[in-house]
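Read the structure below first, then the notes.
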Amino acid sequence: MHELSIMEAVRDQALEQAERHGGGRITAITLRIGSLAGVEPEALTMAFDVVMAGTTAAGARLVIEAVAAECFCAGCQAPFPAQDGVCECPRCGAISRQLLRGRELQLASLELADPAPADPTFADPASADPDPRRQDR
């Protein structure tokens, strides 16, 4: 089941991106998956909770955006849906050699929880009153 290793790569990318954007808990991960990508969305969904356990993405939602395959007909100069991966133009019958979309397997977006507010007892010492004994406040 290569979906498990794919989900491990998604986890690593998601955690890296979350860290780059201030850390915090990941609440949702959106994947964009083309119909010709060669992965089973159901298998990815099953692997998701197992792979995310024990990370800042534990308990996150997995959102899968399905991308239908689409080809381009050079003769008609128009795109058309590639039903079941068949790239035969429904208008003129020509076989397309140009796949426009359908092989995507992308980490499309992350939703991050707001990081916990900073503890005021650990405020920046440079902004503190230099003489805390002053009474003129």
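What follows draws every value from the coordinates through simple rules; no lab data is involved. Source: prediction; values computed, not measured. Cβ: placed from backbone, ideal geometry, glycine included. Neighbour counts: every protein chain shown.
For this structure, a couple of remarks:
- Neighbourhood charge, 12 Å Cβ-Cβ cut-off, centred on Ile33 and excluding it, Lys, Arg +1 and Asp, Glu -1: -2
- Near Val63, the amide H atoms lying under 5 Å from its own belong to Ile29, Thr30, Leu31; only residues 5 or more places off or on other chains count, and H is placed 1.01 Å from N.
- For Cys71, Cys89, Cys76, order by how many other beta-carbon atoms lie within 10 Å, fewest first: Cys76, Cys89, Cys71
- Taking 0.36 nm per residue of sequence separation and removing the Cα-Cα distance, the Ala94/Ala74 pair yields an extension gain of 6.4 nm.
- Listed by Cβ neighbour count within 10 Å, with the fewest neighbours leading, Val86, Val51, Val39 appear as Val86, Val39, Val51.
- Note, ³J(HN,Hα) from phi for the stretch 10-17, Karplus 6.51, -1.76, 1.60, rounded to Hz, x at Gly and Pro: 4, 4, 4, 5, 4, 5, 5, 5
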